[in-house]
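The values are calculated or read from the model by the stated rules, or taken from the named source; none is laboratory data. Predicted, not measured: the structure shown is a model, and the values here were computed from it. When we count neighbours, we look across all protein chains shown, and the Cβ atoms used for this are built from the backbone with ideal geometry, even at glycine. We work out accessible area using only protein heavy atoms, side chains counted, and drop any ligands, DNA or RNA first. Shrake-Rupley method; radii C 1.70, N 1.55, O 1.52, S 1.80 Å.
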Amino acid sequence: HYLGQITLERGDAQRALPLLLEALRGRTQAHGEDHKWTQYTMNRVGQAYIALGRPQKGIAMLDHALELATREGRRQQAYVLLILDNLARGEMAVGELEQAEAHLDEALASARSSLPPDNVRRGMLERTLGELRARQDRRDEAIAHYAYAKRVFSGFRPDHPWVLDLEARIAKLQAGTRNKPR
């Protein structure tokens, strides 16, 4: 699982997917679908499908993981925030912005009540909300979400790839605001 997750986070979803599918088979066999570790791996498999441009397959996997977590009474647990975040990413990929917003609103409300402000999961949610707001042409809100995520991720180190990516996104939005006719 973790080798697949690291490979995925490094941007190689093609290599990550088979590793994650193997981890999912193993976790399902050892623990069953109802175990949170199995659902956590389902989340990463869904994330990999989305990264590979197969959002419908990712959404199906993430919907299933969310349904299982809900049925088991785990909807408020921190790992479910990642499922909601990836589900929103998949929904954004297929143009279901309202559904993505609903999942992100739920996740952010849960994160605000259960996690410290500098938690990495909170940063990931803020980054995805920034992407949603940018797609909705709500630049100031997008910049605010990206800036929040940047502060969280800067805790890794100021030149972390996620920080640099967010700086580029913020600069692009700010340049678009300056160039926008009044």
*Label Leu164 and Gln136 with points 7 Å out from Cα along Cα→Cβ: what is the distance between them in nm?*
3.1 nm
_Between 0 and 90°, nearest 10: helix 161-179 axis offset from the chain longest Cα axis_ = 40 degrees
*Taking Cα atoms, how many degrees apart are the long axis of helix 97-114 and the longest axis of the chain, rounded to 10 and kept between 0 and 90?*
80 degrees
_Using a 1.4 Å probe on the protein heavy atoms, what percent of the accessible area of the range 1-124 belongs to carbon and sulfur?_
50 percent
_Just to confirm the number: angle between the C-alpha axis of helix 120-135 and the first principal axis of the chain, 0 to 90 degrees, nearest 10?_
60 degrees
*Cα convex hull of the range 102-166 - mean projected area over all directions, nm²*: 4.1 nm²
*What is the mean projected area of the alpha carbon convex hull for the range 1-128, to one decimal in square nanometres?*
7.1 nm²
